[in-house]
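Each value in this text was obtained by applying a stated rule to the coordinates, not by laboratory testing. In this text the structure is predicted, and so the values were computed from the model without any measurement. Reconstructed Cβ throughout: ideal geometry from the backbone, glycine too, with neighbour counts over all protein chains shown.
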Amino acid sequence: MNRIEAPRLKEIDTINFIEPRKVLVGNIAPFYSIENQGSEAARIELFFKAGTIIDRPVLASLCSGLLLAGTSKESATDIHNNIDDLGGFFDINLSQEHTVVSVYALNDQIIPLLTIVMDAMHNASFPEAEIEEQIADKKQRLRVSYEKVNFLCQRDFQKRLFEGTNYAKVTEIEDYETVTRAEIIDFFNSNYRNGLLKATLVGRLQEKQLIEIEQLLEPWAGKEVTNNTPIFKQQKGNYHIEKTATVQTGIRIGRIMFDRKHEDYHGFVIMNTIFGDYFGSRLMKNIREDKGYTYGIGSALAEMKDNGYFIIGTEVGAEVAAATLKEIQFEMTQMKEQLVDKEELELVRNYLLGQALKSADGPFAMMDLFLGVEMHGLDYSFYNEALKKLKQITADEIQSLANKYLVWEEMLVITAGQQLID
Amino acid sequence: MAVVNTLYDVGARDEQEDKTGFAHLFEHLMFGGSVNIPSYDAPLQNAGGESNAFTSNDITNYYNVLPAQNIETALWLESDRMLSLAFSPKSLEVQRSVVIEEFKQRYLNQPYGDDWLLLRPLAYLKHPYKWATIGKSLQHIEEVQLDDVKAFFQKHYNPANAILCISGNFEFEYIKQLVEHWYGNIPGGIKPARILPQEPKQTEFRKAVYERDVPADAFYYAFKMGERKSEEYYIADMLSDELGKEKSSVLYLKLKKELQLVTDINAYILGSLDQGLFIISGKMMNGKSMDELDSALWEVLNDFQLNPITAQELKRLKLKIRTSREFQEQGLLNRTMNLAYYELLGDANGINEEHEIYNAIEVEHLQELSKQLFVKENCSLLQIKATQSHE
């Protein structure tokens with residue numbers, strides 16, 4: 001038998017997109033649902049505008065932790081007992097632009113669960129004792145984070161890259177000392193009440209149950225604030241945060257880019273995949289698989305509302321941090337000066353086609369795929385455009401994108417750890 | 001999509017005590033090219049797929065996710081590295097460094113990162129669970145030789161020691177033919193006998209205290225419990241949910257909400273194949289002492305032994321387990337890995353039978369087990385004392 005030659009490859013299927021059912025809750029906030037066939041698992045996600053950029057981040061953080069912390073009639077424990085009685089779970093995720101409240105349960109428990117959560121939020125009383133407990137917990141968690149080089153460089157990167165805008169704001173220990181209960185309640189009233197921007201369901205429910213969900217959500221529906229996207233200035237330069245007695249150094253490198261509506265978006269994503277966004281990328285091949293400097297390194301185009309940024313991230317041995325920076329710079333130069341050869345480009349094409357297929361596998365993945373375009377005011381045709389670009393892109397085009405964007409001198413470079421050794 | 005999952009019945013427990021961390025380092029080397037194919041990842045990526053693996057104290061599991069029409073590429077690659085590796089010196093040299101950086105990133109350069117490196121040798125005196133999958137020390141990884149790699153492959157990486165699980169929208173006969181084609185002429189080998197040092201029954205309370213430059217004291221109570229295949233495993237799983245999983249759990253309510261001793265407290269089990277551990281761990285509230293916590297914790301555990309939970313509490317524990325399992329079953333990759341693991345436990349169909357095992361658990365089972373587990377002589381306590389001070 002022939003083990004040397006690879007089996008013949010077959011053309012990869014196109015994706016079958018599933019359009020979610022959409023209704024407007026309270027005539028404003030879209031509620032999207034996709035059926036989860038053959039499973040009892042159901043998830044509802046609620047997107048509130050209560051992210052960290054809308055006010056002081058400490059308020060967003062504390063408020064999100066206090067949503068289910070008690071009402072005038074029920075304690076936090078009562079509420080959690082009720083949730084547990086339904087076999088349900090919840091989590092609350094805070095990001096710069098949103099707070100997302102997610103609830104998980106079996107199909108026939110999901111509406112009772114949502115009812116408990118919405119009721120607890122509607123009547124939230126923000127008890128003093130709960131606030132104090134939150135503050136103590138969050139201060140401790142922040143102090144633990146201060147010990148991580150990863151956290152230190154990521155946070156400094158955020159502060160510098162978005163300088164002068166709300167995106168640069170972070171929470172420090174001192175912020176917890178001055179925050180008041182009245183401020184938290186104000187934050188809740190401004191950003192949760194009439195702050196539900198959209199909601200999603202993945203599950204298998206009857207039409208009348210979907211209507212029931214809409215009714216539960218209606219009092220919360222609100223409208224996205226428009227024109228609140230700041231203008232970011234390109235920031236550059238090298239900055240080091242000293243943290244002694246560390247055996248690895250955290251590295252973040254990046255710049256402001258654009259969002260999914262930009263003409264270079266699809267091409268940049270392909271170029272970046274080659275550069276640093278898969279296991280066989282240039283950065284991985286050189287810095288992990290050849291030099292052994294790190295357990296992992298990657299680059300990505302991170303997305304925000306109407307904007308985006310490029311970021312390279314890794315943690316490397318303290319003694320090879322400076323050498324790693326040189327290698328990253330070297331790989332950027334390679335991308336700019338040399339054409340990607342046919343084989344590598346073909347491989348990345350196929351890899352990305354396979355990834356696209358994988359990203360559409362199952363209803364939960366499909367909802368995420370949908371939200372990825374919805375947040376930019378786009379639709380599924382965006383992905384078809386991406387696939388088209390994937391088939392058409394040339395090595396020349398990739399090189400010119402690298403020359404346009406992978407410019408070392410324009411990058412913000414943050415390191416955290418021991419002093420760099422040249 | 002399709003998934004090709006290969007589970008090798010070898011983990012860190014099969015290592016020699018002077019060569020720990022080896023099973024995991026070896027997992028890295030499995031991506032360093034095989035006898036007929038110089039690169040593992042590139043042909044798979046070229047077929048639209050990707051691959052990864054993990055090692056635990058018990059097993060090493062490799063998986064490929066790729067478009068179904070290219071499944072043969074995964075079988076070609078996976079069977080060739082089962083046949084034989086390239087044993088490249090360069091791959092060993094590089095992966096040694098990569099694993100050392102992984103060791104630093106996960107265990108040495110993180111606050112509380114070395115907790116399990118300290119807890120394992122306290123809880124286990126003889127059984128190889130006394131070292132972590134990553135290994136006892138960087139030195140063991142630095143010392144690995146290519147001959148060790150070859151011997152390990154010969155012994156553990158053959159069909160007799162592997163479980164292959166494939167999923168996707170295929171006819172069974174088609175897959176069977178492909179598997180026979182690619183794997184049919186690989187010598188079956190002999191399943192290596194596993195004779196591990198037995199852990200003697202613990203008869204004394206053990207305690208170790210370490211100082212670390214961290215912001216808060218942390219504690220880990222480890223109680224010996226039954227092996228994965230025992231009925232006790234399922235009861236302990238439910239017991240850990242009752243004690244410390246959610247914000248309605250016993251420990252959370254008493255030690256955090258009522259006494260405000262901790263910022264964080266959890267109970268969970270290690271689902272290890274041999275004798276496992278039931279863990280209660282958490283971090284102290286600043287200004288509260290671990291002695292206070294210790295007496296309060298034992299009091300809660302004693303109370304729990306005396307007062308059985310209600311039927312309503314039992315019902316909700318079961319419902320929560322059902323919900324979690326329903327979510328764990330989402331996605332082809334999870335299901336494929338789970339099937340292979342249950343086959344290792346004895347029967348892939350076991351995955352369909354667990355629901356009944358959980359359902360049959362009664363209040364008395366939980367109470368009985370708690371009496372058996374939560375005694376001092378069955379406990380190993382690790383305390384991390386913070387050297388940083390905060391008001």
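Worth a mention:
- Averaged over the residues of peptide B:100-112, the number of Cβ atoms from other protein chains lying within 10 Å of each residue's Cβ is 6.
- Within the range B:234-261: backbone nitrogen closer than 12 Å to the B:E368 label point (7 Å, Cα to C-beta): B:235
- Distances between placed amide hydrogens fall under 5 Å for B:C379 paired with B:R206, all partners being 5 or more residues away or on another chain.
- P(r) of the range B:2-183 over all Cα-Cα pairs, binned every 5 Å from zero, in whole percent: 1, 8, 16, 19, 18, 14, 10, 7, 4, 1, 0
- A Förster radius of 25 Å, combined with the Cβ-Cβ distance separating A:K208 from A:S102, puts the computed FRET efficiency at roughly 0.60.
- In units of the compact-protein estimate 2.2 N^0.38 Å, the range A:241-346 shows a Cα radius of gyration of 1.14.
- Theoretical gain in end-to-end length, B:F54 to B:L122 [0.36 nm per residue, Cα-Cα removed]: 22.0 nm
- Computed lengthening from B:H390 to B:K155, 0.36 nm per intervening residue step minus Cα-Cα distance: 79.3 nm
- Eigenvalues of the alpha-carbon gyration tensor of the range A:1-160, scaled by 5 and square-rooted, set the equivalent ellipsoid semi-axes at 36, 27, 17 angstrom, largest first.
- Chain A - charge dipole about Cα centre, Lys and Arg +1 at Cβ, Asp and Glu -1, debye rounded to 20: 860
- Percent of Cα pairs exceeding the 21 Å cut-off, where the set is the range A:141-251: 63
- All Cα-Cα distances of the range B:107-234, cut into 10 Å bins from zero to the largest, leave 8, 23, 27, 24, 13, 4, 0 percent in each bin in turn.
- Two-decimal Rg/Rh across chain A, once Rg and the Kirkwood Rh are taken from alpha-carbon atoms: 0.99
- Taking chain B and dividing mean pair separation by its residue count, relative contact order in percent (alpha carbons under 8 Å, at least six apart): 21
- All-pairs alpha carbon distance profile, the range A:237-417, 5 Å steps from 0, percent: 1, 8, 16, 19, 19, 16, 11, 7, 3, 1, 0
- Mean Cα-pair separation over length for the range A:237-417, i.e. relative contact order, pairs under 8 Å, 6 or more apart, %: 39
- Taking θ as phi - 60° and the Karplus parameters 6.51, -1.76 and 1.60, the scalar couplings of the range A:164-177 work out to x, 10, 5, 5, 7, 6, 10, 9, 10, 3, 4, 4, 6, 6 Hz in sequence order, x denoting glycine and proline.
- DSSP-loop chymotrypsin sites (Phe, Trp or Tyr not before Pro) across the range B:198-287, with at most 14 other Cβ within 10 angstrom: B:F205
- Most positive-pole-ward Cα, A:G296, A:S359, A:I312, against dipole of the range A:237-417 from beta carbon charges: A:G296
- Cα lying deepest toward the dipole's positive end in chain A, options A:F382, A:Q206, A:H266, charges on Cβ: A:H266
- Karplus 3J(HN,Hα) series, Hz, for the range A:87-92 with 6.51 cos²θ - 1.76 cosθ + 1.60 (x for Gly, Pro): x, x, 10, 9, 8, 10
- Each listed q (0.12, 0.13, 0.16, 0.18 Å⁻¹) maps to a log10 I(q)/I(0) for the range B:206-386 from the Debye sum over equal C-alpha point scatterers, namely -0.62, -0.72, -1.02, -1.21.
- Over the C-alpha atoms of the range B:99-166, the Rg to Rh ratio, Rh being the Kirkwood estimate, stands at 1.06.
- Extent along principal axes [Cα atoms of the protein assembly as shown; Å; largest to smallest]: 71, 68, 59
- Most positive-pole-ward Cα, B:L261, B:L345, B:Q202, against dipole of chain B from beta carbon charges: B:L261
- The string of couplings for the range A:66-82 from the Karplus curve (6.51, -1.76, 1.60, θ = phi - 60°) is 10, 5, 10, 9, x, 10, 5, 9, 10, 7, 3, 4, 4, 5, 5, 4, 5 Hz, one whole number per residue in order, with x for Gly and Pro.
- Taking only the C-alpha atoms of the range A:29-110, Rg followed by Dmax gives 14.6, 44 Å.
- Amide hydrogen neighbours beyond the local backbone of A:I241, cut-off 5 Å, H modeled: A:T415, A:A416, A:G417
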